[in-house]
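These notes concern the structure reproduced below.
Derivation of every value follows stated rules applied to the coordinates shown; laboratory data play no part. Please read all numbers here as calculations on a predicted model, not as lab measurements. Cβ atoms come from the backbone with ideal geometry, glycine included; neighbour counts cover every protein chain shown.
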Amino acid sequence: MRKLPLRSATALTILFAGLSSAAFAEPTEVDVLLAPIGAGPYLAVATMQNYASDYTDKISPKAVETPGFTYNVRYLASQPDMWENTLIGSGMVVEWAASEGIAPFFSAPIEAVRDFRIIGALSNTTNAFVALDDDIQSVDDFDGKRVALGLLTMNEWGMHQKMMLDYWGTTEELKSLDALGPSQGIDALLDGRADIGTLAAHSNFDFSYTLEAGPFKTLESSGRDYHYVSIDPEMIQSYIDDTGAPFKIQNVKAGTFSGQTEDLTSFGNIALISAHKDFPEELAYEFTKLWIESGPQIGEYSAIAKIWEPETISEVARTNPELIHPGAMRAYREFGLVTD
């Protein structure tokens, strides 16, 4: 058999080595800092992690447990070596608070947060106060009462509520304000150790589907009569106008949440997956494609992922395109979710 010239053989060796390397290249691992194990966002991305290889061989997301979104924002901002390989669960309000230095959550403005870019919307959230006592019908009735929150490292369960209570001057009128944790706060309400608890729900943007975390079920299964405390929308709007905070005024129709017998007005937020602007464009593109394509399958196994309709994920790309990572925006345009 005729032998190949040395130069040709060498070229073929390099070619096959290159093909072999490409064929067996491992997908790029990307950490996604989320929330405590058991929280909806953590479970949803953990499910995405399990099914990612069905959709892509280019990126492999890894769900990472953390104390919550407030922690995530502060931590990523302080770790430049993570900017090119890490995504975080975050929110419109917490990123604003970090960039502004809103105490006590952030002792000074964190400049690096101004360089964060949004990948997409995890959900449309509603933060609500809940009570057993029929005499507690408005924030004016909180005077002298005991309020139980979630953790202050969790923006939806503790941070947002304290921001509002502080602004209204309500905190100083309370008998106590304790950040116990989401489940622990509702337990305290049911045990009589608190008069007011807090809940946080994740919905899509028309409220046709809502995820309720465990504390909702704890209240419902207790058999106790409870009610949601509506807030005067002008009180929420005054905070928005005075500070520029991107809170939402949420008008939630009766029957949307468990045990909700009347329409509810409260404050809310857009929960996010975000990255630093140094996060590579190609990885942002691949993650966003994976998120859009895998959402329906993940929704079969993870309750929060039922919210992951393409229109929900891409909502901020239409309303605030200047905040979106270029790689994510490329994917939204490719799928026809953003046209301009």
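Brief remarks on what is shown
- Overall Cα dimensions of the chain, principal axis frame, Å, largest first: 96, 41, 38
- Peptides 214-222, 32-40, 110-118, 65-73 ordered by average Cβ neighbours within 10 Å, highest first: 65-73, 32-40, 110-118, 214-222
- Near Leu290, once Lys and Arg are set to +1 and Asp and Glu to -1 for all other residues with Cβ below 14 Å from its Cβ, the sum equals -3.
- Per-residue Karplus couplings for segment 108-113, computed as 6.51 cos²θ - 1.76 cosθ + 1.60 with θ equal to phi - 60°, are listed in order as 7, x, 9, 4, 4, 5 Hz, Gly and Pro entered as x.
- Amide H partners (placed H, <5 Å) of Lys248, local residues excluded: Gly268, Asn269
- Lysine pairs within the chain, Cα separation less than 19 Å, 8 or more sequence positions apart or different chains: 9
- In terms of the mean number of neighbouring beta-carbon atoms within 10 Å, the peptides 301-310, 223-232 order highest first as 301-310, 223-232.
- Count Lys and Arg as plus one, Asp and Glu as minus one, and take only other residues whose Cβ is under 13 Å from that of Leu219; the net charge is then -3.
- Each residue of segment 268-284 is assigned a 3J(HN,Hα), and the resulting list reads x, 7, 10, 6, 10, 10, 10, 8, 6, 4, 6, 4, x, 4, 5, 5, 4 Hz, derived from the Karplus form 6.51 cos²θ - 1.76 cosθ + 1.60 (θ = phi - 60°), x at Gly and Pro.
- For Ala39, neighbours were defined as the other residues whose beta-carbon sits under 10 Å from its Cβ, and their charges (Lys and Arg +1, Asp and Glu -1) total -2.
- ³J(HN,Hα), Karplus 6.51/-1.76/1.60, whole Hz, each residue of segment 225-235, x for Gly, Pro: 7, 9, 8, 8, 9, 6, 10, 4, x, 5, 5
- Peptides 270-276, 253-259 ordered by packing proxy, namely the average of other Cβ atoms within 10 Å per residue, highest first: 270-276, 253-259.
- Site pair Ser258 and Phe335 shows an inter-label distance of 3.0 nm when each label is modelled 7 Å from Cα along Cα→Cβ.
- Across the chain, the relative contact order, built from alpha-carbon pairs under 8 Å that are at least six residues apart, equals 21 percent.
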